[in-house]
1. When you check Gly69 against the structure, is it at pLDDT 75 or above, within 30 Å of Val120 (Cβ to Cβ) and either open to solvent by 40 Å² or more (accessible area, probe 1.4 Å) or of a type outside the set (A, V, I, L, M) (or both), yes or no?
2. Looking at the range 85-122, which of the residues that are loosely packed, with under 14 Cβ neighbours inside 10 Å and over 22 Å from the mean Cα position of the chain (by Cα) is modelled with the lowest pLDDT?
3. Filter the range 96-117 down to the residues that are on the phi < 0 side of the Ramachandran plot and in contact with a Ser or Thr (Cβ under 9 Å, 6 or more places away or on another chain) and list them by number.
Amino acid sequence: MSDTAGGGDVPQQPAPPEASGVDLARVALRAAKEQARARGAAAVQKKQARRGGLRSGARADGRDPLPLGAAINRLITERGWEAPAAVGGVMGRWPQLVGPEVAQHCSPDRYDEEARVLTVTCDSTAWATQLRLLAPTLVARLNSDLGHGTVKLLKVLGPVAPTRSYGRLRAPGSRGPGDTYG
């Protein structure tokens with residue numbers, strides 16, 4: 001005769017034996033280890049927070065000091081300064097790229113990164129004309145050295161003439177000898 005309310009016979013599961021002796025000791029040891037691990041992790045976090053964050057250990061990671069060259073290369077890459085830095089290198093190696101004779105009379109002034117235009121100033125109009133004729137060859141040489149499309153145009157400027165003044169005394173607002181209105 002069964003005590004179940006459903007009317008069917010359901011066999012009852014035997015109750016698990018109570019832990020005793022060695023089993024109790026194992027359970028208690030496991031619980032103590034987990035609590036100690038949690039307290040240790042909390043203590044490590046608290047100690048690191050007190051020191052000002054994580055510290056570098058024996059293995060290499062992103063916080064280790066870098067050589068100066070590697071740090072500058074990383075900075076150039078992160079900021080996207082590859083093209084301006086490369087063109088700056090060209091300005092330093094200008095005599096090797098164009099030859100000593102041309103470098104003696106023409107010098108690079110500035111580089112416009114958006115338009116990709118290198119501006120060069122020459123010391124005479126003859127050299128400016130010569131460099132304008134050499135511009136396609138020079139642009140091809142620069143792009144082979146710096147990367148395709150770095151320099152699209154070479155803008156050549158001639159010498160800048162000084163402003164002319166015709167004597168010590170000048171009328172205010174005068175535009176020179178051709179100014180006859182007044």
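The values are calculated or read from the model by the stated rules, or taken from the named source; none is laboratory data. Computed from a prediction, not measured in an experiment: that's the story for all the values here. Glycine also receives a Cβ, built like all others from the backbone with ideal geometry; neighbour counts cover every protein chain displayed. SASA here: full protein model, heavy atoms, side chains in, ligands and nucleic acids out. Shrake-Rupley method; radii C 1.70, N 1.55, O 1.52, S 1.80 Å.
1. So Gly69 passes the test.
2. Filtering the range 85-122 for residues that are loosely packed, with under 14 Cβ neighbours inside 10 Å and over 22 Å from the mean Cα position of the chain (by Cα), the one modelled with the lowest pLDDT comes out as Arg93.
3. Selection gives His105, Cys106, Ser107, Pro108, Asp109, Arg110, Tyr111, Asp112.
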